[in-house]
Amino acid sequence: MSIEIETLGSAAGARLHGADLSRPLTDNVFGEVRQALLDHLVIFFPDQHLTPEQHKAFGRRFGTLNVHPHVKALDGHPEVLNIVKEPEMRLNFGGGWHSDMTFLEKPVLGSILYARVLPRAGGDTMWANMYAAYDALSGGMKRLLDGLVAIHTADGIYGSGGVYSTNKGMETMAHEQAADRAEHPVVRTHPETGRKLLFVNPAFTVKFKGMSREESRPLLEFLTRHATEARFVYRHRWSVDEVGFWDNRCTQHYALNDYPTERRVMHRVTVDGDRPY
Ligand code: SIN
């Protein structure tokens, strides 16, 4: 059996019909899913019925699973993040542009999100295509960025003074020390497609190597504004029981926080990646 692919957005996004993720994928279907991820950057599977074990087994087809150093997991399943926003919480998890865990030396390959409870309206997620953002830069800017290395840290988000430390309901996510720090090329080559892309994000990229934060800020801010222009973005309206899988190497994403009186619960399995070059 093969899957049917419905393109959702011009920047990114496709819905895959005909795959049952609760069962082991045949090599053929696995190959089609993998190719769809490379072609569309974020792919969705409607109407899936997964136990945490089946969710993890699907993720393991793509690599080893990550255990997040700072975020609480589902009881008994350290590899499954339990992403909950209660009505009384002010902040949501992932409510700003970011690529997952770029503070690691080997940032993750991708994340697989399973929609469990959704607000009646709102709670969409947006993805930005970082290949397209790079391609659209001028030749002069590409030459400038090609030689740069950026510093990524976890501290501003997960550290004791970080975003999640002071907000009701998220205290459990903050760590006394979120000292993770990594250096990555600003322009990365995707290890599977061979395409170049912009690899900075406002959550974890704090500066360029050899420059101060103040010196780096204007260019980092420009790159975020540029990369998240509407022409590079796909916005997804979730349905319950849907699975979304994004290629974290070539996208940034943003979970919208626009459902103040409602609850939203997502489970996330995250696949380990490799060292950017
Ligand atoms: C995340 O950044 O992993 C969360 C995305 C979402 O909840 O939509």
Alpha-carbon Debye profile of segment 1-144, log10 I(q)/I(0) at 0.13 Å⁻¹: -0.72
Around VAL80, under 14 Å between beta carbons, what's the net of Lys plus Arg minus Asp minus Glu among the other residues? +2
What accessible area per residue comes out for segment 185-242, rounded to a whole number of Å², with a 1.4 Å probe? 48 Å²
Say the cut-off is 28 Å between C-alpha atoms; which of LYS72/LYS106; LYS106/LYS142; LYS85/LYS207; LYS56/LYS196; LYS106/LYS209; LYS142/LYS209 go over it? LYS85/LYS207; LYS56/LYS196
Run the helix sum for the chain: -39,500 (n - 2.57) per DSSP H stretch of 4+ residues, divided by residue count, reported at 222 nm to the nearest 500 deg cm²/dmol. -6000 deg cm²/dmol
Taking H as built 1.01 Å from N, whose amide H comes closer than 5 Å to the amide H of THR102, not counting residues under 5 places away? none
If we sort 232-241, 116-125 on the protection proxy, mean other Cβ atoms within 10 Å, highest first, what's the order? 232-241, 116-125
Could you list the GluC sites (Glu not before Pro) in segment 223-270 that lie in coil according to DSSP, counting only those with at most 14 other Cβ atoms within 10 Å of their Cβ? GLU229
With every protein chain left in place, what is the accessible area per residue of segment 1-65 in square angstrom, probe 1.4 Å? 49 Å²
What length, rounded to one decimal in nm, is gained on full extension from THR189 through to SER239, with 0.36 nm per residue of separation minus their alpha-carbon distance? 14.7 nm
Considering the options ILE3, GLY13, THR224, tell which one lies farthest towards the positive end of the dipole of the chain, charges being +1 on Lys and Arg and -1 on Asp and Glu at the Cβ, about the Cα centre. THR224
Could you tell me what percent of the accessible area of the chain is made up of carbon and sulfur, with a 1.4 Å probe and every protein chain present? 50 percent
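The values are calculated or read from the model by the stated rules, or taken from the named source; none is laboratory data. Here the structure is a predicted model, which is why all the values come from computation and not from measurement. Don't worry about glycine lacking a Cβ; one is built from the backbone with ideal geometry, like all the others, and counts go over all protein chains shown. All accessible areas refer to the heavy atoms of the entire protein, side chains included, with ligands and DNA or RNA removed. Shrake-Rupley method; radii C 1.70, N 1.55, O 1.52, S 1.80 Å.
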